[in-house]
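The values are calculated or read from the model by the stated rules, or taken from the named source; none is laboratory data. Keep in mind it's a predicted model, so treat the numbers as computed, not measured. Cβ sites come from the backbone with ideal geometry, for glycine too, and all protein chains shown count toward neighbours. When the accessible area is computed, the model is the full protein with side chains, heavy atoms only, and any ligands, DNA or RNA have been set aside. Shrake-Rupley method; radii C 1.70, N 1.55, O 1.52, S 1.80 Å.
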Amino acid sequence: MRELKILLIVIIFTGITYWGVEPLAHSVFHPHTPDADYTFKDVDGLNGVKGDASKGAEIATNCIGCHSIKSAGFEAPMSANDAAATYGVVPPDLSTAAKIYDHNYLAAFIKNPAVASKVAHKFDGVNKVHPMPGYDYLGNEAIADLIAYLGSIAPKDISAKAVFEDACSRCHSMKYAKISSTTQVDVVSKYMGSTPPDLSMMIRSRGDEYLHKFINDPQKLLHGTSMPRVGLTKESEEKVVEFMTQTGDSKKDERESLGPKVLMYLAILAVFAYLWKVKIWREVH
Amino acid sequence: MAHFKEANGVGEWLDQRLATGTLTKVLMTEYWIPKNINFLWAMGMVLAFTFKILVISGIFLLMYYKPDVNLAFDSVNYTIMQEVEYGWLFRHVHGVAASVVFLVIYIHMLVGIYYGSYKRGREMIWISGMLLFVTFSAEAFSGYMLPWGQMSYWAAQVITNLFGGIPLIGSELVIWIRGNFVVADATLTRFFMLHVLLLPLAIMMIIVLHFYSLRIPHVNNQECEELDFDKEAEKYKKGDKKGAKIIPFWPVFMAKDVFVVAVFMIFFFYLVFYHYNFAMDPVNFDQANPMKTPAHIYPEWYFLWSYEVLRGFFFSSDLGLAAFGVANIIFFLMPFLDKDKTVKPAHKRPMFFIWFWLLIIDMIVLTVYGKLPPTGPNAWIGFVASVVFLVLFVLLPIITKIDFNKAGGK
Ligand code: HEM
């Protein structure tokens, strides 16, 4: 009985200390932020307009001056190095755009890239202009047609790795997955004003909750950051985080399946240890 | 040449040459431990066991780790964590054990303080124990640097910088410790040497000293009763095992310890598999970057209380450093600051009992505020807690003397 009382005291004081250095400290370091918003309520998007894919193909000719659309047979107009030198960052291939980005967000991005991706503080249109022009003037109809077209050429299924490559790898490398950014580091760093970090171990250093909120809206967690909001759908974002997990925490499944076995073994060991103790101490008590 | 008979079996053969029979008696079956002890007396063996885990997992990590600022991070986070079979397990085990060992050390120390096990003949146990605390601290600090993450780098930067505050030799000393003007490759390689060779060697030798120092005074017991070990041993050997107030180390004492160690292992491996972030700070999974200071720099949880004593004197870094210096050696002086000439558990020493719980509460406050940003009211709470810590030790001789006199010297 006395031993249990002592144990309880030890547990209480250990618990208070733990609470102070972990949950309490983290709540101070990382104040609560609202959950990710996958509806992109704040953007001026499609506004309910339905597009016509057959009309969109022509509008897409606006885009292929900078972007490749490999699924429709448009190769990149210039080499990655030249594109990076021209725009600061290599424009991504658009084959999967309508699959991985939310359509309202995509419409808003095409209308006004800096505002939709929340980097207007950097690209104010006066001192610095976003490398991709805004297509506001095309009107909602045309933009809806373009998105319908992009949807018609997008793959039905896409791998986690491909989402990452299309959405992130123009800026970020992931060396443990052998992916280097399509834009050279020094060029993209100059363009962004800060170096996009390698993302290999981000799943361990930031954790999945932070990643979901951050990717959905970087400004919410790193106020004033130059990383744009990319506008991934919930499904695509989960794929990106899944890919980051496969890369930075590749033994997660092994860990989770080994855990219960080891604990079970130890529990049985403890029972035998207890029985042995009782047997030995019966002689002396 | 001594005379050797033909031996019957391996046991006898060894006994003839190494006196293994006598050795077993001296170290195990006739090494006497008081019977009236609770599970807190198993903490020493839990520590010995955890140290063993650290050594074994460390050896596995050492097979793949590369002590070079350009390779260290990837050798740990890619080679060991993703490529090597069960490398992640060894790293988690090593990291979590390094953190949990301090929890057990603190419990072990506080048990010693509660039961007065540091005085009246037990001074050398205490002092060798404190030497273990200091070498373990250095071992943990040097090990934390090896993965070369952000916290490895910045904690090393901040802590080595502290030595700069020492009068006269300070700035030279910092360079001497770092092997460079800033924390760099030379710092990493020397901390690597300390972590895998010199400190473990020192720790092993001090553990032997610690165990040896227990030999003559014997361990204490729950009532702090003074036992006549020869008389009790006589009783036990005659077969009065129930009447004797002692038990042999093997198998009786160890039977209980093995059970406690088994329960501890369940807790430990739960942390290894499911709850490791407290020991393996996520920030350290970002590679060291001398150009990018992390938003919050803090040491591992077990250094927070002394770190807070340092920060507590926020208006004067010299005072802070002096207080930090005192905090790090004051526990060595326990046997000499306690003026009560009797050995009694704290609940039989009215003022000391209050002192003991105040000390625990104050150290927890220091630990918690040692991690929080030292701004606004936090700075003042840290200051008050630091002053309370120092004052407690100034009061210790006085209150123990009062307790002693009140009890009439009994
Ligand atoms: C870190 C490695 C350490 C190991 C492996 C270790 C091991 C042990 C063992 C096996 C015992 C005997 C059983 C027991 O009472 O628990 C013991 C007793 C003791 N240790 Fe440690 N110890 C360590 C650190 C320390 C520290 C840091 C201190 C405090 C400064 C300390 C102070 C004591 C005292 C005072 C006793 C005697 C307890 C009594 O008489 O009741 N030890 N230690």
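Contact map, the stretch A:211-240: residues that are over 16 Å from A:GLY193 (Cα atoms) and modelled with pLDDT of 95 or more paired with residues that are among the aromatic types (Phe, Trp, Tyr) and open to solvent by less than 20 Å² (accessible area, probe 1.4 Å), Cβ distance under 6 Å, separation 6+ or inter-chain. Pairs shown: A:GLY231/A:TYR105; A:VAL240/A:PHE164. With respect to being away from the ligand (no atom under 11 Å from the Cβ) and within 14 Å of another protein chain (Cβ to nearest Cβ), B:PRO167 falls outside the description.
You will find that of A:ALA114, A:ALA76, A:ALA97, A:ALA120, the residue that is small (Gly, Ala, Ser), under 29 Å from A:SER159 (Cβ atoms) and either touching a strand residue (DSSP E or B) at 6+ places or on another chain (Cβ under 8 Å) or open to solvent by less than 50 Å² (accessible area, probe 1.4 Å) (or both) is A:ALA97 and no other.
Can you tell me how many residues within the stretch B:91-122 are among the charged types (D, E, K, R), more than 9 Å from the ligand (Cβ to nearest atom) and away from chain A (no Cβ under 14 Å)? Selection size over the stretch B:91-122: 2. Checking the stated criteria, B:ALA255 turns out not to satisfy the condition of being closer than 11 Å to B:ILE33 by Cα and more than 23 Å from the chain's Cα centre (by Cα).
Screening the stretch B:79-127 for residues that are open to solvent by less than 20 Å² (accessible area, probe 1.4 Å) and of a type in the set (Ser, Thr, Tyr) and picking the one that is nearest to the chain's Cα centre (by Cα) gives B:SER99.
The set of residues in the stretch B:309-364 that are part of a loop (DSSP other than H, G, I, E, B) and acidic (Asp, Glu) comprises B:ASP338, B:ASP340.
State whether one or more residues within the stretch A:130-152 are touching a residue at least 60 places away in the same chain (Cβ under 8 Å) and aromatic (Phe, Trp, Tyr). Scanning the stretch A:130-152 turns up at least one residue that is touching a residue at least 60 places away in the same chain (Cβ under 8 Å) and aromatic (Phe, Trp, Tyr). Quick one: is B:MET130 open to solvent by 10 Å² or more (accessible area, probe 1.4 Å) and either closer than 21 Å to B:MET334 by Cα or within 15 Å of the ligand (Cβ to nearest atom) (or both)? In short, no.
Applying the selection to the stretch A:253-263, what residues are surrounded by 11 or more Cβ atoms within 10 Å (Cβ to Cβ) and more than 9 Å from every other protein chain (Cβ to nearest Cβ)? Residue satisfying the conditions is A:ASP253 alone. Evaluation of A:VAL278 against the conditions (1) among the β-branched types (Val, Ile, Thr); (2) at the interface with chain B (Cβ under 10 Å from one of its Cβ atoms); (3) surrounded by 14 or more Cβ atoms within 10 Å (Cβ to Cβ) shows that the sole unmet condition is (3).
Of all residue pairs spaced 6 or more apart or on separate chains, those with beta-carbon atoms under 6 Å, a first member in the stretch B:174-193 that is of a type in the set (D, E, K, R) and a second member that is open to solvent by 10 Å² or more (accessible area, probe 1.4 Å) are B:ASP185/B:VAL69; B:ARG190/B:GLY179. Scan the stretch B:187-207 and tell me whether some residue there is hydroxyl-bearing (Ser, Thr, Tyr) and more than 22 Å from the chain's Cα centre (by Cα). Yes - at least one qualifying residue is present in the stretch B:187-207.
Would you tally the residues in the stretch A:51-69 being surrounded by fewer than 14 Cβ atoms within 10 Å (Cβ to Cβ) and over 15 Å from A:LEU138 (Cα atoms)? Summing the residues that are surrounded by fewer than 14 Cβ atoms within 10 Å (Cβ to Cβ) and over 15 Å from A:LEU138 (Cα atoms) in the stretch A:51-69 gives 2. Only one of the listed residues (B:LEU173, B:LEU214) is more than 11 Å from the ligand (Cβ to nearest atom) and open to solvent by less than 50 Å² (accessible area, probe 1.4 Å). That residue is B:LEU173. Screening A:LYS128 on (1) of a type in the set (Lys, Arg); (2) crowded, with 16+ Cβ neighbours inside 10 Å; (3) in a loop (DSSP other than H, G, I, E, B) shows it passes everything except condition (2).
Entry remark, the stretch A:214-244: residues being assigned to a helix (DSSP H, G or I) and either out of contact with any Asp or Glu (no Cβ under 7 Å at 6 or more places or on another chain) or surrounded by fewer than 17 Cβ atoms within 10 Å (Cβ to Cβ) (or both) number 15 in total. Of all residues in the stretch B:18-41, those that are away from chain A (no Cβ under 14 Å) have Cβ atoms under 6 Å from Cβ atoms of residues that are within 16 Å of the ligand (Cβ to nearest atom), 6 or more apart or on another chain, in B:TYR31/B:PHE249. Among the residues of the stretch A:173-192, those that are within 14 Å of another protein chain (Cβ to nearest Cβ) and assigned to a loop (DSSP other than H, G, I, E, B) comprise A:SER173, A:LYS178. It is to be established whether one or more residues within the stretch B:226-238 are of a type in the set (Gly, Ala, Ser) and touching a strand residue (DSSP E or B) at 6+ places or on another chain (Cβ under 8 Å). Looking through the stretch B:226-238, at least one residue is of a type in the set (Gly, Ala, Ser) and touching a strand residue (DSSP E or B) at 6+ places or on another chain (Cβ under 8 Å).
Between B:PHE249, B:PHE269, the distinction of being within 25 Å of the chain's Cα centre (by Cα) and within 9 Å of another protein chain (Cβ to nearest Cβ) belongs to B:PHE269 only.
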